[in-house]
Amino acid sequence: MAPANSPPHPVLSAEVADALAAGGPVVALESTLLAHGLPRPDNRAAADDVEAAVRAGGAVPATIAVLDGVPHVGLTPAQVDRVCADPDLAKLGVRDLPVAAALGLSGATTVSSTALLAEAAGVAVFATGGLGGVHRLASETFDESADLTALSRTSVVVVCAGVKSILDVPATLERLESLSVTVVGYGTTTFPGFYVADSGSTLDWSVADAEQAAAVFAVRRRLTRGAVVVANPLPADEQLDPVLHDRVIADALAAADAAGVRGKAVTPFVLDHLHRASEGATLAVNVRLVLRNAELAGRIAAALAASPA
Ligand code: PSU
Ligand code: MN
């Protein structure tokens, strides 16, 4: 039996275990974006497409979820079916992991808990859509995603298209600075706005390629714990029309407020509202940006495995 003070060890799929044992490239993928960020049944095809994008980048995908109390890193197709089909699946941040593990419950993992489980499994690179962050009106609601503090203490590269544009982006960047999270743009110092290429905020640093992203992480890992966020914008010709973007987000936030939605239900409610209000336009863009991030994460993991110092 494991010592009482060791964390519940994630169960690795055979393919992920083999890749890690060989020092090969592996990319962690979160399951909350599948279970709570994309609508059923489209989420099931997206799950396969995201894994394929990681492989196209040159790495083994490791989708992470908690099933019957057990954290899994790398899921079988039947386990992905479960994550994508269950309308009652819990959304698990770091603070929820002990409850799920102790009570034998199942849930999808957010950025915060996926990063933690990836690090525990020895997976250094993680791809998602957009980070959680500081919500608009957070000065009244105190709604700030646990993603931010988790990234301050978890050693992982997170490839994302910025933070979800339903948030207060400048405030989120300020918090990432306070928390000493390293943030670099991929080929740009324009901070992407998730569905749109430009959030209106800028970054101090950019990396030119996957090798530079891997090199930044290799130094950070030796220097201090905490994440390197690689912000990967959509090309302008693939983004959501910025005018449509601003209109549907304002509507979605007003609808969430009117419905009295609070806490961890806010993000899934708003994303669902956006997908319906834009007649699928936000959904298509959301899937596209996740695929691009997964492919880039695959290349960064491959670069890291090639020069593991
Ligand atoms: N990115 C997406 N779709 C999502 C999320 C991110 O493209 O659904 C999820 C992530 O799991 C992230 C979570 O960690 O939203 C943040 O939720 P909250 O704002 O409640 O912390
Ligand atoms: Mn929140």
Some residue of the range 242-251 being under 26 Å from ARG288 (Cα atoms), within 16 Å of ligand 2 (Cβ to nearest atom) and free of Cβ contacts under 8 Å to residues at least 40 places away in the same chain: no
Residue that is farthest from ligand 1 (Cβ to nearest atom), among those in the range 260-309 that are assigned to a helix (DSSP H, G or I) and basic (Lys, Arg): ARG299
Odd one out for PHE217 among (1) crowded, with 18+ Cβ neighbours inside 10 Å; (2) under 30 Å from ASP96 (Cβ atoms); (3) within 16 Å of ligand 1 (Cβ to nearest atom); (4) not β-branched (Val, Ile, Thr): (3)
Any hit, the range 77-87, residues being touching a helix residue (DSSP H, G or I) at 6+ places or on another chain (Cβ under 8 Å), within 16 Å of ligand 2 (Cβ to nearest atom) and at pLDDT 95 or above: no
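State whether the residues of the range 98-105 include one that is in a loop (DSSP other than H, G, I, E, B), aliphatic (A, V, I, L, M) and free of Cβ contacts under 8 Å to residues at least 40 places away in the same chain.
yes
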Failed condition for ALA161, given (1) touching a Phe, Trp or Tyr at 6+ places or on another chain (Cβ under 6 Å); (2) among the small types (Gly, Ala, Ser); (3) free of Cβ contacts under 8 Å to residues at least 12 places away in the same chain: (3)
Any hit, the range 237-253, residues being basic (Lys, Arg), under 20 Å from LYS91 (Cα atoms) and either over 15 Å from the mean Cα position of the chain (by Cα) or not in a helix (DSSP H, G or I) (or both): no
Residue match in the range 209-220 (condition: in contact with a strand residue (DSSP E or B) (Cβ under 9 Å, 6 or more places away or on another chain), under 24 Å from THR149 (Cα atoms), of a type in the set (Lys, Arg) and away from ligand 2 (no atom under 16 Å from the Cβ)): yes
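Before we move on, is VAL83 part of a helix (DSSP H, G or I), closer than 29 Å to ARG299 by Cβ, in contact (Cβ under 8 Å) with a residue 24 or more places away in the chain and touching a Ser or Thr at 6+ places or on another chain (Cβ under 6 Å)?
Considered against the rule, which asks whether it is part of a helix (DSSP H, G or I), closer than 29 Å to ARG299 by Cβ, in contact (Cβ under 8 Å) with a residue 24 or more places away in the chain and touching a Ser or Thr at 6+ places or on another chain (Cβ under 6 Å), VAL83 comes out as yes.
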Search result, residues across the range 53-80 that are in a helix (DSSP H, G or I) and within 16 Å of THR32 (Cβ to Cβ): GLN79, VAL80
Residue that is surrounded by the fewest Cβ atoms within 10 Å (Cβ to Cβ), among those in the range 36-52 that are of a type in the set (A, V, I, L, M) and assigned to a helix (DSSP H, G or I): ALA45
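With respect to ALA150, determine if the residue is surrounded by 22 or more Cβ atoms within 10 Å (Cβ to Cβ), closer than 21 Å to LEU291 by Cβ and modelled with pLDDT of 95 or more. Working first, answer last.
Values: surrounded by 22 or more Cβ atoms within 10 Å (Cβ to Cβ): yes; closer than 21 Å to LEU291 by Cβ: no; modelled with pLDDT of 95 or more: yes.
Here the answer is no, as ALA150 does not meet what is asked.
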Test result for SER278, away from ligand 2 (no atom under 16 Å from the Cβ), at pLDDT below 95, surrounded by 19 or more Cβ atoms within 10 Å (Cβ to Cβ) and of a type outside the set (A, V, I, L, M, F, W, C): yes
Output for the range 135-189, where each listed residue is in a helix (DSSP H, G or I), charged (D, E, K, R), within 13 Å of ligand 1 (Cβ to nearest atom) and within 16 Å of the chain's Cα centre (by Cα): ASP147
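The values are calculated or read from the model by the stated rules, or taken from the named source; none is laboratory data. Values in this document were obtained by computation on a predicted structure and should not be read as measured data. Ideal geometry is used to build each Cβ from the backbone, glycine not excepted, and the neighbour counts take in all protein chains shown.
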